[in-house]
Amino acid sequence: MSITTKTGDKGTTALFGGSRVDKDHIRIECNGLIDEANTRIGLLIAELDNEHKWIPGLLKIQRDIMLIMSHIATPINCSKPNTKPHPQNGIEYCENWISDLNEFLKDEKLAFVMPGGTKISALCHFVRTAVRTAERKIISLNKKEKVPSYILEYFNRMSDLFYLLAIAELKIKNIKAEKFMVFPSQKVKK
C-alpha cells in the first residue's frame with residue numbers, strides 16, 4: 001500500500017465518511033494540533049527509560065488521542081456512522097493519575113513554574129502547551145459544531161496531568177522548581 005495517493009495535491013482532504021474539505025478546515029486544524037500533542041507525548045516516551053512507570057499511562061493516552069482524532073474527523077452531518085469506540089475511562093484514568101500525583105506532591109507549594117529543570121520536566125511542559133493549543137481549537141470547533149463533551153474534558157485533564165508530571169519529575173530528581181509565583185489560594189495570611 002502506498003501512502004502517496006495524490007488526492008490532496010489541490011489542498012483538500014477527506015473527512016470520515018468521504019466528504020472532502022480544504023486542508024485548513026477547522027476539523028483538519030483540530031486534528032493537526034491533536035496530532036502534534038500526541039507526537040510530543042511520543043517524544044517524551046522516547047526520552048524515558050524503557051521500564052519507566054509512566055510509559056503504560058502515556059501509551060494509553062496516545063491510543064485515546066488516536067480514537068479522539070477519528071471522532072473529530074467525523075462531520076456532524078456524516079451519513080456513515082463512525083463505529084470506532086470512544087476512549088474507555090480516559091478522563092477517570094487521568095483524574096486517578098492526577099490524584100496520585102497530588103498525593104505525591106502534597107508537601108509542595110504548587111505554583112506557576114518556569115518550564116525546565118530536567119529534559120523530562122521540560123518535555124512534560126512541551127506536551128502541556130500542545131494539549132492547551134489543541135484544546136483551544138477544539139473549543140472553536142465546538143462553537144460551530146458540537147463536539148462530544150468528553151473530548152473537551154479529556155484535554156482539560158491532560159493539561160493538568162502533564163503540568164503535575166513536570167513538577168513530579170523535579171521532585172523525583174530533587175531539583176527545586178523555579179517558581180514564578182505561588183497560587184493565590186496558597187499564600188500564607190499574615
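A straight Cα-to-Cα reach below 17 Å connects K119 with the aspartates and glutamates E47, D49, E169, E178, residues fewer than 8 places away in its own chain not being considered. Taking a Cβ cut-off of under 11 Å around L48, the surrounding Lys, Arg, Asp and Glu residues balance to a net charge of -2, with basic ones at +1 and acidic ones at -1. The residues neighbouring N89, those whose beta-carbon lies less than 14 Å from its own, together hold a net charge of -1 under the Lys/Arg +1, Asp/Glu -1 convention.
Between D107 and K173, the contour length at 0.36 nm per residue exceeds the alpha carbon distance by 22.2 nm.
Since every read-out is calculated from the coordinates, none of them should be taken as a lab result. What you see is a predicted model, and the numbers here were worked out from it, not measured in a lab. Every residue, glycine as well, gets a Cβ built from its backbone with ideal geometry; the counts of neighbours run over all protein chains shown.
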